[in-house]
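The values are calculated or read from the model by the stated rules, or taken from the named source; none is laboratory data. No experiment lies behind these values; they were computed from the predicted model shown. We place every Cβ from the backbone using ideal geometry, glycine too, and count neighbours over all the protein chains shown. Side chains are part of the model used for accessible areas, which takes the heavy atoms of the whole protein and leaves out ligands, DNA and RNA. Shrake-Rupley method; radii C 1.70, N 1.55, O 1.52, S 1.80 Å.
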Amino acid sequence: MNPRYSPDQVERKAQADWERADAYRARDDDTRRPKFYCLSMFPYPSGKLHMGHVRNYTIGDAIARYRRMRGFNVLQPMGWDAFGLPAENAAMANRVPPAAWTYDNIAYMKKQLKSLGFAIDWSRELATCKPDYYKWNQWFFLRMLEKGLAYKKTGVVNWDPVDQTVLANEQVIDGRGWRTGALVEKREIPMYYLRITAYAQELLDDLAKLPEWPERVRAMQANWIGKSVGVRFAFRYEQIASANLLPLSQVNEHARERVSARPLLPPGEGTGMRDEAVFASRERDGVRDVGAAPRSNERAVAMRNAAGTSPSPSVPLPPGEGREEKLWVFTTRADTIMGVTFCAVAAEHPLATHAARNNPALADFIEECKRGTVIEADLATMEKKGMPTGLSVTHPLTGESVPVWVGNYVLMGYGDGAVMGVPAHDKRDWDFAVRNSLPIRRVIASKQLLEDRYRAIDELEKENISIDREKITDVRYIEDFVFKKNISKQAERAINTLHSQLIHEGCFIDYGVVINSGEKYDGLDYEAAIDAIAADLKAKGLGDKQVQWRLRDWGISRQRYWGCPIPIVHCPSCGDVPVPDDQLPVVLPEDCVPDGTGNPLAKRADFVDCTCSRCGKPAKRETDTMDTFVDSSWYYARFCGTDNATAMVDQRVDYWMPVDQYIGGIEHAILHLLYSRFWTKVMRDFGLVKYDEPFTRLLTQGMVLNDIYFRKPESGRITYYNPADVDVTCDDKGNRVGAVLRADGRAVEWDGLGTMSKSKNNGVDPQQLIEQYGADTARLFVIFTSPPEHTLEWSDSGVEGSSRFLKRLWSFAEESKTFVDPGLIAATIDWSQTDDELKIARREIHLALKQANNDFAKLQFNTVVSAAMKMLNALEGVPGASRSAQGVKRQPADKMVVTEGLNMLLRLLAPITPHVTHVLWQELGFGDDIARAPWPVHDETALARDVIEMVVQVNGKLRGKVSVPADASEESVRQAALANATIAHHVGAKPVRKVIVVPGKLVNVVV
RNA sequence: GCGAAUGUGGCGGAACUGGUAGACGCACUGGACUUAGGAUCCAGUGGGGUAACCCGUGGGAGUUCGAGUCUCCCCAUUCGCACCA
């Protein structure tokens, strides 16, 4: 045995053993053991592993290895999320086909994963760019098409006019194409969508079935799905005619013209939208103008066509031809409807478009809004700008005329693209009204305000002062009118109270009681008011309660080469024809080198030209590929049977699925996880699987951060320096006082912590770490430094610390080797003859193990490592084992405690640092394979004590300690505590009022 | 603006159901061994005070014999976002 820890040697030996034994192959149906499916999110093969991968897979591996030792039949597979944009970018940069680049990366990263010693069943490896995988994307897509769960409609894309290509959001920088710098245009093109909205209700409800997901992920998903229950109603606009406006049917016509002025059909797409009737979708109004028609329309259709469960049906559709003279809005606060003082419509709304025809200023404003940001956070804080359209509409309940404005804070994409404006009870409307001097009408009051109002009215009426009872809650009315009256002190006081309450409440957005809304509604609370108002609107045929969703259907078409081909053929006579199942997969050619212009697939005649399976005439293949989120929406199910060439999944999913533990980054909290949940439900409804949810438990690990250092010269660009090249200087107490670049010794500035990135030059290459310290140190560091869900701050000295611990472990084991005797067990020892010191050490070891087991179950691995360190500290303290005790004669009890302690410690650490524990296990003669050893459990009898130390408090403050026999009675403990000199000093002459004894822990003397 | 979380030494972080705050590690200080050490080992290390003691878990109230932990009100930071009407 090497006296010095040599990670390189140890890891090579351990990995060779595992390879030879095929140690981590998962058995497909082991009836003797419970199954455990442990999955980490598969990586995109970007080139090499980054620290985030190392962290993710180490956490997953620790869980998998722990479960295996706990007796589970564990499946831990690995694959590659291999389609995607970076491969195309690399292709352009290096003139290499994306396929070759991707496969090279996979080979390299696989080697890296193996060098980290993960217990992965590599026989199940898959890559989403292989036809045997993506064939099933295509097959499943066709099934969804048949059921109407996939359909075609137009969508907006970024278009680079120079390269004649579609750009991803990521490729648009400040509104310009990343390669050409050309101003990016918005274009409408036909795309395929998946009806995730048909599952909105179930996706929302089933979050309750995921109690072991982090609360915040469930909250984010619920917000994303965004169910709101409210009232959708209409303002009529008879006045349109008098304002000499076109009927809305013509307005829509106008909007359509504007969009079709620059049509775009992708190459190979000749038939337009009419052919969609071929497929199961019955959506009639497939042609959609930018912003010209509301979204809830689609949703209503989606709900009707959906297989499986459906959200509740929606109310009548927004304006179409024949029903045009209504402005529809949606609100969750119908109780405030009598407080409407304006309406605001989105810039893209047909009314806005129409009003702008003869109003250049308004047209300019609309253009400005359309160019503006659509990022929520920016919009939320920006100025609420608006412009009147000159139109007005009629309030459905009061019949009052309400002005219509164009507002930059109204989104066309949500609801009907129009809102009612109730400034008194909505912050945005308030801001908008204040800015544009629109009236504010208060219609909801808090209880306090109600009281103040009654009192003020009473007082004024006593003095026979006539006032407007409605306007009394208007600050301006009070100031302009009431304050100017000659009133008694008492009345003035009441008015003052009311006035300051009004000022205090300002824009009152809470629920309250309805006021100033007419006899019928006044006094009602939120729910009653909404019921009454919705009923009245319904009776007039002007609205009803409605459920509104935020979730939109999932557009999966990508105008990109490196992705799964959408299995459709465009035939001049038959239209869009699905590829028959027996012709699947539609194989993507792997030798294309995209150059950034146009669509590379469209240039490949051997791909595009084909024959129509219906009529046998020449036809063109669809050249769009699928969103890579499709690939990752079901890969976890495929791992159960990657070898099945005839079916997407087979009965093995019934054994393995659902995934028991899923581990990945928080950045996937919404899209990937939501799409996977959706996909699962569709697979279930197609009879492919039996479970409702794919991931039982979810762990979202935090990001990996590092210091950021930079210099900013007086002129020129900021330069970032890698923290590895920077020395930090500290004062005597360890406070950071400065940092210098090692190369030139001059100061650099510290810019806090940030995620490891190329742009900030603060990355750490895992490969270097492994080469310098070994995989076990890397694993130990990422596990120990932070709890899994927190961010992890990189620290070179932290790595040193982890390495130091493993060195200590190794040398302790090495020194103990001569007297470790696996035959010694606790029962052979006469504990009454052993030193207290030894018993205390053994107790510490078992106590630490107990804590570690608690923490392991909670997935709090950092404290598991703490416990392991405590165990080693205690072992080093065993009298006969310490280095300083060379020559001391070792008692059997010493040997037993060291043997037992090492044996438990190695097993405890095996999931985290598998190599070093594997080798030491063998070296110490404990067995061949530590991974097959049972999980260590502490011995309760080792925790027992004869004498315990109890804390004594006086008035809750720590004042002393007393040692008492473990079985001492409460009374004797009390006596011992009061007899203690320090305690007596603190009690002094004060009378003891009460003594609280917490058995085994403390005594509190109350004086 | 909305949603979610988090605030504990110089730093990462411990503290099970309210019961010794700061485990474990890093950094730092002193010492040992060394030609040397950025290796290793030993000791110390929340702040203040000579001391007895006092103060300490973002701030402020409260409940309790006792609060990092429970309740209420503030403040700050981080993350997500598609103005969710």
Quiz item: A:Asp17: more than 30 Å from the chain's Cα centre (by Cα), modelled with pLDDT of 95 or more and surrounded by fewer than 21 Cβ atoms within 10 Å (Cβ to Cβ), yes or no?
Solution: yes
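Suppose the filter is touching a residue at least 40 places away in the same chain (Cβ under 8 Å), in a helix (DSSP H, G or I) and open to solvent by 10 Å² or more (accessible area, probe 1.4 Å); does A:Tyr655 pass it?
Details: touching a residue at least 40 places away in the same chain (Cβ under 8 Å): yes; in a helix (DSSP H, G or I): yes; open to solvent by 10 Å² or more (accessible area, probe 1.4 Å): yes.
It is true that A:Tyr655 is touching a residue at least 40 places away in the same chain (Cβ under 8 Å), in a helix (DSSP H, G or I) and open to solvent by 10 Å² or more (accessible area, probe 1.4 Å).
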Quiz item: Would a scan of segment A:428-440 turn up a residue that is of a type in the set (Asp, Glu), on the phi < 0 side of the Ramachandran plot and out of contact with any strand residue (DSSP E or B) (no Cβ under 6 Å at 6 or more places or on another chain)?
Solution: yes
Quiz item: Which fully enclosed helices (runs of 4 or more DSSP H) of segment A:729-818 have 1 or more residues being open to solvent by less than 10 Å² (accessible area, probe 1.4 Å) and within 14 Å of RNA strand B (Cβ to nearest atom)?
Solution: A:775-784, A:796-816
Self-check item: Selection count where residues are among the polar types (S, T, N, Q) and under 20 Å from A:Gly47 (Cβ atoms), scope segment A:750-801
Solution: 7
Practice problem: Return only the number of the condition from (1) within 14 Å of RNA strand B (Cβ to nearest atom); (2) closer than 30 Å to A:Pro879 by Cα that A:Trp831 does not satisfy. | Solution: (1)
Practice problem: Check off (1) within 14 Å of RNA strand B (Cβ to nearest atom); (2) out of contact with any Asp or Glu (no Cβ under 6 Å at 6 or more places or on another chain); (3) open to solvent by less than 60 Å² (accessible area, probe 1.4 Å) for A:Asp544 and give me the number that stays unchecked. | Solution: (1)
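Filter segment A:524-574 down to the residues that are outside any loop (DSSP other than H, G, I, E, B), of a type in the set (Phe, Trp, Tyr) and under 24 Å from A:Pro190 (Cβ atoms) and list them by number. Let's see the steps before the verdict.
Quick first cut of segment A:524-574, residues outside any loop (DSSP other than H, G, I, E, B) only: A:526-539, A:543-548, A:554-555, A:557-558, A:565, A:568-571.
Cutting the leftovers down to of a type in the set (Phe, Trp, Tyr) gives us A:526, A:554.
A:Trp554 - this is the single residue of segment A:524-574 that is outside any loop (DSSP other than H, G, I, E, B), of a type in the set (Phe, Trp, Tyr) and under 24 Å from A:Pro190 (Cβ atoms).
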Quiz prompt | Neighbours by Cβ (under 6 Å, 6+ apart or cross-chain): first from segment A:548-572, open to solvent by 10 Å² or more (accessible area, probe 1.4 Å); second within 16 Å of RNA strand B (Cβ to nearest atom) and at pLDDT below 85 | solution = A:Arg550/A:Gly226; A:Gly555/A:Gly155
Self-check item: Odd one out for A:Arg684 among (1) in contact with a Leu (Cβ under 6 Å, 6 or more places away or on another chain); (2) open to solvent by 10 Å² or more (accessible area, probe 1.4 Å)
Solution: (1)
Exercise. Check every one of the helices (runs of 4 or more DSSP H) wholly within segment A:376-491 and list those with 2 or more residues that are over 24 Å from A:Asp522 (Cβ atoms).
Key: A:376-381, A:427-435
Practice problem: All but one of (1) open to solvent by 10 Å² or more (accessible area, probe 1.4 Å); (2) under 22 Å from A:Gly702 (Cα atoms) hold for A:Lys110, so report the exception by its number. | Solution: (2)
Quiz item: Got a sec? Which of A:Ile663, A:Ile708 is of a type in the set (Val, Ile, Thr), under 30 Å from the mean Cα position of the chain (by Cα) and under 30 Å from A:Thr197 (Cβ atoms)?
Solution: A:Ile663
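Among the residues of segment A:600-621, are any charged (D, E, K, R), in contact with a Gly (Cβ under 6 Å, 6 or more places away or on another chain) and buried (at least 16 other Cβ atoms within 10 Å of the Cβ)?
Just the residues of segment A:600-621 that are charged (D, E, K, R), to begin with: A:603-604, A:606, A:609, A:614, A:617, A:620-621.
Subsequent filtering for residues that are in contact with a Gly (Cβ under 6 Å, 6 or more places away or on another chain) retains A:620.
Pick out the ones that are also buried (at least 16 other Cβ atoms within 10 Å of the Cβ) and you get A:620.
Among the residues of segment A:600-621, at least one is charged (D, E, K, R), in contact with a Gly (Cβ under 6 Å, 6 or more places away or on another chain) and buried (at least 16 other Cβ atoms within 10 Å of the Cβ), which makes the answer yes.
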Quiz prompt | Yes/no for A:Val630 being over 21 Å from A:Gln583 (Cβ atoms) and of a type outside the set (Asp, Glu) | solution = no
Practice problem: List the number of the failed condition for A:Leu203; all other conditions in (1) free of Cβ contacts under 8 Å to residues at least 12 places away in the same chain; (2) open to solvent by less than 30 Å² (accessible area, probe 1.4 Å) hold. | Solution: (1)
Self-check item: Single unsatisfied condition, A:Ser517 versus (1) more than 36 Å from the chain's Cα centre (by Cα); (2) crowded, with 21+ Cβ neighbours inside 10 Å; (3) outside any loop (DSSP other than H, G, I, E, B)
Solution: (3)
Quiz item: From the residues in segment A:206-232 that are more than 14 Å from A:Glu693 (Cα to Cα) and assigned to a loop (DSSP other than H, G, I, E, B), which one is nearest to the chain's Cα centre (by Cα)?
Solution: A:Pro214
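Could you look through segment A:634-670, keep only residues that are within 16 Å of RNA strand B (Cβ to nearest atom) and out of contact with any Phe, Trp or Tyr (no Cβ under 6 Å at 6 or more places or on another chain), and pick out the one that is modelled with the highest pLDDT? Let's see the steps before the verdict.
Applying the first criterion (within 16 Å of RNA strand B (Cβ to nearest atom)) to segment A:634-670 yields A:664-670.
If we keep only those that are out of contact with any Phe, Trp or Tyr (no Cβ under 6 Å at 6 or more places or on another chain) too, we end up with A:664-669.
On the way: A:Gly664: 90, A:Gly665: 84, A:Ile666: 80, A:Glu667: 77, A:His668: 81, A:Ala669: 79.
The residue in question is A:Gly664.
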Quiz item: Can you name the condition, by its number, that A:His938 falls short on among (1) within 15 Å of RNA strand B (Cβ to nearest atom); (2) over 16 Å from A:Ala826 (Cβ atoms); (3) modelled with pLDDT of 90 or more?
Solution: (2)
Quiz prompt | Test set (1) within 21 Å of A:Thr336 (Cβ to Cβ); (2) aliphatic (A, V, I, L, M); (3) modelled with pLDDT of 80 or more - A:Leu411 fails condition number | solution = (3)
Quiz item: Are there any pairs, at least 6 apart or on different chains, whose C-beta atoms fall under 7 Å, with the first in segment A:820-839 and within 21 Å of A:Asp946 (Cα to Cα) and the second assigned to a loop (DSSP other than H, G, I, E, B) and β-branched (Val, Ile, Thr), and if so, which?
Solution: A:Leu838/A:Val878
Exercise. Tally the residues that are out of contact with any Pro (no Cβ under 7 Å at 6 or more places or on another chain), among the β-branched types (Val, Ile, Thr) and more than 8 Å from RNA strand B (Cβ to nearest atom), restricting the search to segment A:949-1007.
Key: 12
Quiz item: Does segment A:331-342 contain any residue that is at pLDDT below 80, farther than 28 Å from A:Asp206 by Cβ and either open to solvent by 30 Å² or more (accessible area, probe 1.4 Å) or part of a helix (DSSP H, G or I) (or both)?
Solution: no
Exercise. Keeping to segment A:206-225, report how many residues are within 12 Å of RNA strand B (Cβ to nearest atom), closer than 12 Å to A:Leu699 by Cα and touching a residue at least 60 places away in the same chain (Cβ under 8 Å).
Key: 4
Exercise. Please work out if A:Pro161 is closer than 19 Å to A:Thr625 by Cα and surrounded by fewer than 19 Cβ atoms within 10 Å (Cβ to Cβ).
Key: no
Practice problem: Could you tell me whether segment A:844-855 includes any residue that is within 9 Å of RNA strand B (Cβ to nearest atom), assigned to a helix (DSSP H, G or I) and over 16 Å from A:His938 (Cα atoms)? | Solution: no
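Name the single residue that is farthest from A:Trp656 (Cα to Cα) among those in segment A:49-77 being of a type in the set (D, E, K, R) and open to solvent by less than 10 Å² (accessible area, probe 1.4 Å). It would help to see each step written out before you state the result.
Going residue by residue through segment A:49-77, those that are of a type in the set (D, E, K, R) are A:55, A:61, A:65, A:67-68, A:70.
Imposing the further condition that a residue be open to solvent by less than 10 Å² (accessible area, probe 1.4 Å) reduces the set to A:55, A:61.
Values: A:Arg55: 25, A:Asp61: 17 Å.
For segment A:49-77, the residue satisfying everything is A:Arg55.
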Self-check item: Pairs, first within 14 Å of A:Cys574 (Cβ to Cβ) in segment A:611-632, second modelled with pLDDT under 90 and assigned to a loop (DSSP other than H, G, I, E, B), C-beta under 6 Å, six or more apart
Solution: A:Lys620/A:Gly268
